[in-house]
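What follows is a single structure, written as structure tokens, with notes after it.
The values are calculated or read from the model by the stated rules, or taken from the named source; none is laboratory data. Remember, it's a predicted structure, so these values are computed and weren't measured experimentally. Cβ: placed from backbone, ideal geometry, glycine included. Neighbour counts: every protein chain shown.
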Amino acid sequence: MRLVTSDVPALAVSGLSRFYGKRAAVNKLELRVEPGDLYGFLGPNGAGKTTAIRAILGLIARSEGTVEVFGERDLVRQRTEIGAMVETPTFNDWLSARRNLQIAAAYAGRGTAADIDEALERVGLGARAGERVRGYSLGMRQRLGIARALLGRPKLLVLDEPTNGLDPRGMREVRDLLVELVRRDGCTVFVSSHLLSEVEAMCNRVGILDRGELKAEGTMAQLIRQLGARTLIEVGVDDRPRALEVISRLEGARVEGDGDEGRILVALSGPEAADLNRVLVQGGVAVSSLVPRAGSLEELFLSVTSSEPGVA
Ligand code: ATP
């Protein structure tokens with residue numbers, strides 16, 4: 001059991017750049033992932049996520065910048081702490097899942113026979129570990145890729161678009177697995193995605209990359225505040241006219257129209273849902289429900305990323 005001191009980040013990236021010719025695919029990237037985070041590295045296609053991850057892992061040279069993993073700067077020692085899956089994992093299709101992991105463990109010099117079985121169980125492939133990988137679905141392959149990344153029990157998992165190409169059920173399975181790895185196994189997970197809904201559903205912290213630059217980073221609530229984006233809340237009340245009058249007096253709140261089931265749709269930029277609740281109750285209005293409207297992150301994402309394709 002290793003102790004993690006809270007002031008040492010799991011991953012600290014500072015001034016990381018990667019140029020292709022004169023173009024920066026990643027430009028002065030600053031990231032801080034705390035132990036226990038399920039960190040979503042979000043960005044549109046071509047934003048530079050894969051390049052950043054490759055540079056973080058030392059799979060391609062960094063043009064500039066430093067990377068620390070649990071305070072460690074040495075790449076070889078970092079690798080003992082990191083398990084990674086970059087892009088679609090490939091396997092020897094004619095061999096079983098277990099045999100593939102045995103070969104990977106021998107090649108990487110980490111992962112005992114017990115680790116292999118545990119990793120296969122962990123990703124839900126224990127019962128089918130003896131089957132050839134060629135019969136595996138895409139979702140099973142992704143999970144096997146995660147099992148491979150888990151060999152040697154790394155503290156930090158770095159996964160590049162692990163749900164890419166999966167159907168909704170496969171995506172859900174991978175998402176649930178990542179949440180469990182953080183909650184039950186104490187892993188820290190850094191996961192890239194171009195899907196807002198996915199990041200919103202599983203991550204506690206988010207960094208948004210666009211054209212190689214980090215546009216925003218923080219918890220969902222922090223991002224919304226930082227960027228002055230609006231939170232949309234549907235509020236159910238007993239006295240609608242009175243509620244409208246109270247809301248009109250709250251600075252940073254604006255009625256946007258009707259929500260579902262007779263609720264009022266309110267946009268907040270500054271005040272939070274709790275503030276809205278408080279002023280309504282103080283104003284003599286009974287609040288029956290406060291429902292955050294999905295899509296807050298989407299608004300934010302669209303507001304900070306460019307609509308044109310990346311620099312490719
Ligand atoms: P996606 O979600 O589509 O995989 P991404 O965010 O992972 O995108 P990258 O693959 O990192 O983006 O690409 C970022 C930019 O760097 C793109 O413009 C890409 O064309 C460019 N790029 C990546 N690799 C190279 C390379 N080897 N040579 C030249 N340019 C490259």
* To do: For the stretch 236-267, name all the residues that are modelled with pLDDT under 90 and touching an Asp or Glu at 6+ places or on another chain (Cβ under 8 Å).
  => GLY259, ASP260, ALA267
* To do: For the stretch 119-135, state whether one or more residues are assigned to a strand (DSSP E or B) and either surrounded by 13 or more Cβ atoms within 10 Å (Cβ to Cβ) or without any contact (Cβ under 8 Å) to a residue 40 or more places away in the chain (or both).
  => yes
* Can you find even one residue in the stretch 82-89 that is closer than 30 Å to LYS22 by Cα and of a type outside the set (A, V, I, L, M)? -> yes
* **Test: residue in the stretch 10-27 that is at pLDDT below 95 and under 30 Å from SER137 (Cα atoms)** => no
* Across the stretch 200-214, which residue is surrounded by the fewest Cβ atoms within 10 Å (Cβ to Cβ) among those that are more than 22 Å from LEU166 (Cβ to Cβ) and within 13 Å of the ligand (Cβ to nearest atom)? -> GLU213
* Structure fact -> Filtering the stretch 9-53 for residues that are hydroxyl-bearing (Ser, Thr, Tyr) and part of a strand (DSSP E or B) leaves a count of 4
* Asked: Does SER192 qualify as being part of a helix (DSSP H, G or I), of a type outside the set (Phe, Trp, Tyr) and within 16 Å of the ligand (Cβ to nearest atom)?
  -> no
* **Close pairs from the stretch 155-182: first more than 16 Å from HIS194 (Cβ to Cβ), partner of a type in the set (Lys, Arg) and outside any helix (DSSP H, G or I), Cβ under 9 Å, at least 6 apart** => LYS155/ARG2
* **Residue identified as among the basic types (Lys, Arg) and closer than 20 Å to ALA97 by Cα among ARG128, ARG172** => ARG128
* To do: Among the numbered conditions (1) in contact with a strand residue (DSSP E or B) (Cβ under 9 Å, 6 or more places away or on another chain); (2) at pLDDT 85 or above; (3) within 30 Å of LEU151 (Cα to Cα), tell me where GLU200 comes up short.
  => (2)
* Asked: Quick one: which strands (runs of 3 or more DSSP E) sit completely within the stretch 203-268 and have at least 1 residues that are touching a Lys or Arg at 6+ places or on another chain (Cβ under 7 Å) and either among the β-branched types (Val, Ile, Thr) or in the same structural domain as ALA286 (by TED's automatic domain parsing) (or both)?
  -> 205-210, 213-219, 231-237, 264-268
* Asked: Would the stretch 90-98 turn up any residue that is modelled with pLDDT under 95 and out of contact with any Lys or Arg (no Cβ under 8 Å at 6 or more places or on another chain)?
  -> yes
* Residue satisfying all of: in the stretch 81-102; surrounded by fewer than 14 Cβ atoms within 10 Å (Cβ to Cβ) and away from the ligand (no atom under 16 Å from the Cβ); farthest from the chain's Cα centre (by Cα) among these -> TRP94
* For ILE56, are the conditions met, namely being outside any strand (DSSP E or B), within 16 Å of the ligand (Cβ to nearest atom), free of Cβ contacts under 8 Å to residues at least 60 places away in the same chain and at negative phi? -> no
* To do: Scan (1) in a strand (DSSP E or B); (2) within 16 Å of the ligand (Cβ to nearest atom) for the single condition SER197 breaks and write down its number.
  => (1)
* Could you tell me which residue of the stretch 12-42 is farthest from the ligand (Cβ to nearest atom), considering only residues that are within 14 Å of GLU213 (Cβ to Cβ) and of a type in the set (Val, Ile, Thr)? => VAL13
